[in-house]
Structures are given as C-alpha cells and as structure tokens.
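Below is one structure, written out as structure tokens, with a few remarks after it.
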Amino acid sequence: MPRSAESAGESAGESAPEYAAQAPGATPAGLAALFAAVTHAVEAATAGGRTPVILIDGPSGAGKSLLADLLVAAWPAKGHPRLVRMDDLYPGWDGLDAASTAVGDDLLEPLRASRAGSWQRWDWAADRPAGRETVVGPEPLIVEGCGTLSVRNAALADLTVWLRADDALRKQRALARDGDTFATHWDTWQAEFDRFVAREHPLDHAALILDVSALDLSAGVRDRRSGTRLDT
C-alpha cells in the first residue's frame, strides 16, 4: 500500500522448497522457518550464479514492511541485503498493476539476466515520477509490497513469502500508519489488490506463508499474546 503523503534451492515457480507447513505464524518458530528459508535460498542462488531475490507480498496492513525491516536487521545469510519497497514504485493509488509489471520488467528480469536492474521511484507529494534507482551486483535483494508475487515475478525469485493477518487488524494497522489519506482510498486499493489476487493467484506461488496477526506492530516486533520480542 502506498505511503500516502510521504514524498529455496531453485527459483520460485519451478520447484522451490515448501516451507508453509513449517511456519503457521510469525511466532518465534515461524520466524525460524523464515530465516532457514532465506539462508537456503541465498546459498542456492549464489551457487547458481544468481543475485538472490526474496519477494514478500500480502494485503495492506499484514506487516510486510515490518517483516522486511526485521529481515534486514537480523539477516541470517551471507551478504548485505538491499530492500526495495513497492510503496516507492506505485504510480498513484491506481498503480498496483503498473508497479507489479514494472518491477519485473525493469528490476527482476534484468537482475536475473545480468545482475543489473533499476526501478522508477514515484513522488507521491508531487504525483509524478522521481529519480530512477539502480540495483547492481550480487548482494541479496528483498522486494516487499502488494503486487510483488505475480506469476512472472515469482518465477524470477529465489524465495517467495506471503503474509496474512486478520482483516480488521490489517485495516487498523494500515490506517494507524498512514492516516486519513489512506482511509479515503482503502476500498479502492483493496479492490485493486483483490483483482490482482484473483488474476495472479499469489498464494500458489508462495514457498512460505506466515500469519502475522500475533505481531504487535505498534510496539515493534513483539508477540501480542506474550509480549516477547521476536527479533532478539
């Protein structure tokens, strides 16, 4: 979802290892499964001469940005991960499909072919394109946001992750983060995302599925049920 007013051994889509059954939620056990999957994917991609690519998708408010931040901060594999947020690519509130296509055309496909890709930043305040960012070299890449797990993009990734959470909790989280601007666009954005899901079937391409309803995002990475921090 846009920031409203702010300026596995083989590629997924082939026969990526299935981690979903091991990770029923974003509990310590679920995060352990995530870290294990990331380590495996990075090792396999590196051995195959590819830039490791991890895609994180799921509905608005599910916790994609938080989980990506946690993954970067507690990176379990070799290398220094780079993070691209789809929020920075969407060309406006009706731009989910355009950004999903662009991240494949401009970033993931060239990165897979030549270890050099780029993406177009969107200036939300000015409602126009901003600078173009480049991503070059073998260091791992994380892309998080609604629309990452299209059929095509999943085939260009080494690990695909889907997050889910209670619908009411998702909306509460999203509106608390982005305020009234997103509130006026919630239904339109959700409908656009629903069309994406119906067309691309992203859960079918997810090697790892995490339910993050138990994460208390307002207090950092913390288990809502026990108060235990999950990133230590």
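Residue check: Phe182 meets all listed conditions (1) farther than 23 Å from Ala41 by Cα; (2) modelled with pLDDT of 95 or more; (3) open to solvent by less than 70 Å² (accessible area, probe 1.4 Å) but one, namely (2).
Of the residues Asp123, Asp69, Asp127, Asp87, the single one that is of a type in the set (Asp, Glu) and within 22 Å of Ala198 (Cα to Cα) is Asp87.
One line per residue, one yes/no per condition, for (1) touching a Ser or Thr at 6+ places or on another chain (Cβ under 9 Å); (2) over 25 Å from Thr46 (Cα atoms); (3) surrounded by fewer than 20 Cβ atoms within 10 Å (Cβ to Cβ):
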| site | (1), (2), (3) |
| --- | --- |
| Val103 | yes, no, no |
| Leu111 | yes, no, no |
| Ser118 | yes, no, yes |
| Ala126 | yes, yes, yes |
| Ala154 | yes, no, no |
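Within the stretch 14-32, does at least one residue satisfy the condition of being part of a helix (DSSP H, G or I), open to solvent by less than 20 Å² (accessible area, probe 1.4 Å) and at pLDDT below 90? Yes - at least one qualifying residue is present in the stretch 14-32. Just one of the listed residues (Arg195, Arg199, Arg164) is at pLDDT 75 or above and touching a strand residue (DSSP E or B) at 6+ places or on another chain (Cβ under 6 Å), namely Arg164. The number of residues in the stretch 43-63 being assigned to a loop (DSSP other than H, G, I, E, B) and open to solvent by 20 Å² or more (accessible area, probe 1.4 Å) comes to 3. Evaluate the stretch 87-98: report whether one residue or more is under 21 Å from Ala41 (Cβ atoms) and either among the hydroxyl-bearing types (Ser, Thr, Tyr) or not in a helix (DSSP H, G or I) (or both). Checked against the condition, which is being under 21 Å from Ala41 (Cβ atoms) and either among the hydroxyl-bearing types (Ser, Thr, Tyr) or not in a helix (DSSP H, G or I) (or both), the stretch 87-98 yields no hits at all. Within the stretch 48-65, is there a residue that is touching a strand residue (DSSP E or B) at 6+ places or on another chain (Cβ under 6 Å) and either aromatic (Phe, Trp, Tyr) or at positive phi (or both)? Yes, the stretch 48-65 contains at least one residue that is touching a strand residue (DSSP E or B) at 6+ places or on another chain (Cβ under 6 Å) and either aromatic (Phe, Trp, Tyr) or at positive phi (or both).
The values are calculated or read from the model by the stated rules, or taken from the named source; none is laboratory data. Every value quoted in this text rests on a predicted model; they were computed, and no experiment measured them. Cβ coordinates were reconstructed from backbone atoms using ideal geometry, including for glycine residues, and neighbour counts include every protein chain displayed. Calculation scope for accessible area: heavy atoms of the full protein, side chains included, ligands and nucleic acids excluded. Shrake-Rupley method; radii C 1.70, N 1.55, O 1.52, S 1.80 Å.
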